[in-house]
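Q: Have a look at this one before I ask anything.
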Amino acid sequence: MQPVKNVAQKDSILPPRIRELQKKIQDQEYINSAVDRIAMIMSCHIVDYRIEKKL
């Protein structure tokens, strides 16, 4: 097991955007919202595909 100091050092090397995303994925509400958005986008693509295929 690595000492906490090494973990903290690795975190400080990460770009700010990666650290921001790491925090977000710990938030269940954020995850639920992201899954809902993905489902909506996929549903729209499926519906559009079926409409185009019928034309």
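Q: Please give the solvent-accessible surface of Tyr49 in Å², to the nearest 10, using a probe radius of 1.4 Å with every protein chain present.
A: About 140 Å², rounded to the nearest 10.
Q: Sticking with this one: Could you order Glu29, Glu20 so the one with the most accessible surface comes first? Probe is 1.4 Å.
A: Working: Glu29 140, Glu20 80 Å².
The residues order as Glu29, Glu20, largest area first.
Q: Report the calculated FRET efficiency for Arg17 and Ser43 (r = Cβ-Cβ distance, R0 = 30 Å), to the nearest 0.05.
A: Rounded to the nearest 0.05, the efficiency is 0.60.
Q: Heavy atoms only, probe 1.4 angstrom, no DNA, RNA or ligands counted: give me Arg37, Arg50 ranked by accessible area, highest first.
A: The ordering from most to least exposed comes out as Arg50, Arg37.
The values are calculated or read from the model by the stated rules, or taken from the named source; none is laboratory data. Everything numeric here is computed off the predicted structure, so don't read it as measured data. Glycine also receives a Cβ, built like all others from the backbone with ideal geometry; neighbour counts cover every protein chain displayed. What goes into the accessible areas is simple: the full protein's heavy atoms, side chains included, and nothing from ligands, DNA or RNA. Shrake-Rupley method; radii C 1.70, N 1.55, O 1.52, S 1.80 Å.
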